[in-house]
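Here is the structure we will look at, set down as structure tokens.
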Amino acid sequence: MRTIRIATRASKLALAQSHYVAFCLKSISNDINISIVGVSTKGDRDRSDFLYKTGTVGFFTSEVENALLDSKADLAVHSFKDLPTAIRPGLIIAAVPQRENPADALVCSKEAVSIEALPKAATVGTSSLRRIAQVKNIRPDLDCVPLRGNVETRIAKVGSGHIGAIIIAAAGLNRLGLSEKITAVLPPKIFVPAPAQGALAVQIREDDIELEEIVKKLDVKEARITAETERCVLAAMHGGCSIPLGVHARIEDDNIFVDAVISDLDGKNLIRRSAVAPVEKSVDCAERLANELLDAGGKKILDEIRIDRALNNRADGLDPGI
């Protein structure tokens, strides 16, 4: 019997995701024993401000990947959207299991079917630059405030009245059995989610051929293609994970449809583009869409973000490399 050690962030959501993968693995073979290795990441420890100001690559994943590379674990489960687009040398994504709902969800203290229906000047909790930009584009009067911590903590902020609403991935609520907390699901074509949101990445060492043969049975072709296409757009933008970019891909028949948006922080300069191509041309489609966004003003937006990030780092006495 082989023992498989699964490395994961120690948050309740990350553990739920890892237990889901463990369940799927056991459904494949009874001849395995699984243990969970909880890892504390920089993203879990530092909850001080908006995520985009850090500019850190692998904010929620680097330490988990280190556990694999140091042979303290055999497999890692990540929220695919948290992984840098450049996969660490020595590691591979062996499977992308069935994808959850990629949409964002609105959770608020009062019934509201949309962002438009929120009370005037309401506070909206989120530390995502992408969400802030799209919220501001729809409702410039809303006050976006930093909000970090686990899912239950964020929801509690709404229940206590400290925040009027939060925007959070529907997938996380669904995986935690908290779907009833969702006030409204935001349509991905309108409020575009993060690249690979709702998808999991099952990562292993590239030289573990035996484990790869087991794990690849969890791979769902459509989930992998759509998530990787969205990440291709992100990679082609050369902006890192914490940029105001939303991408959503879907497959219909033999075609892939991709919607993308990039915006400045104020939501005043919001650029939308869409593309369609045969599924086998998904990478070309993603790169073409990214170039359209850059040429339409996306490059200027990203340059401004890099300058702002460098200034923040300099003010904090950090390396201002951009």
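The values are calculated or read from the model by the stated rules, or taken from the named source; none is laboratory data. Worth saying up front: this structure is predicted, and the values here are computed from it rather than measured. Because the Cβ atoms are built from the backbone with ideal geometry, glycine has one as well, and the counts that use them run over all protein chains shown.
Some points to look at:
- So residue 189, is it part of a loop (DSSP other than H, G, I, E, B) and either free of Cβ contacts under 8 Å to residues at least 12 places away in the same chain or not aliphatic (A, V, I, L, M) (or both): yes
- Residue pairs whose Cβ atoms lie under 9 Å apart, sitting 6 or more positions apart in sequence or on different chains, and linking a residue in segment 254-267 that is more than 15 Å from residue 289 (Cα to Cα) and touching a residue at least 40 places away in the same chain (Cβ under 8 Å) to a partner that is surrounded by fewer than 24 Cβ atoms within 10 Å (Cβ to Cβ) and aromatic (Phe, Trp, Tyr), are 265/52.
- Residue that is modelled with pLDDT under 95, of a type in the set (Val, Ile, Thr) and not in a helix (DSSP H, G or I), where the choices are 307, 322: 322
- Odd one out for residue 131, checked against (1) assigned to a loop (DSSP other than H, G, I, E, B); (2) within 16 Å of the chain's Cα centre (by Cα); (3) not aliphatic (A, V, I, L, M): (1)
- Residue that is nearest to residue 177 (Cα to Cα), among those in segment 5-28 that are in contact with a helix residue (DSSP H, G or I) (Cβ under 7 Å, 6 or more places away or on another chain), modelled with pLDDT of 95 or more and not in a helix (DSSP H, G or I): 8
- Taking every residue in segment 170-183 that is free of Cβ contacts under 8 Å to residues at least 60 places away in the same chain and pairing it with any residue that is in a helix (DSSP H, G or I) and among the aliphatic types (A, V, I, L, M), at least 6 positions away or on another chain, the pairs with Cβ-Cβ distances below 6 Å are 179/173.
- Some residue of segment 29-44 being part of a helix (DSSP H, G or I), buried (at least 17 other Cβ atoms within 10 Å of the Cβ) and modelled with pLDDT under 95: yes
- For segment 223-243, filtered to residues that are under 15 Å from residue 294 (Cβ atoms) and not aliphatic (A, V, I, L, M), the residue that is surrounded by the fewest Cβ atoms within 10 Å (Cβ to Cβ) is 238.
- Leading residue by the ranking (surrounded by the fewest Cβ atoms within 10 Å (Cβ to Cβ)) among those in segment 124-158 that are closer than 22 Å to residue 180 by Cα and of a type in the set (A, V, I, L, M, F, W, C): 156
- Candidate set from segment 263-300 (those that are more than 22 Å from the chain's Cα centre (by Cα) and among the small types (Gly, Ala, Ser)); member that is surrounded by the most Cβ atoms within 10 Å (Cβ to Cβ): 277
- Residue that is surrounded by 19 or more Cβ atoms within 10 Å (Cβ to Cβ), over 20 Å from the mean Cα position of the chain (by Cα) and outside any helix (DSSP H, G or I), where the choices are 94, 112, 121, 73: 73
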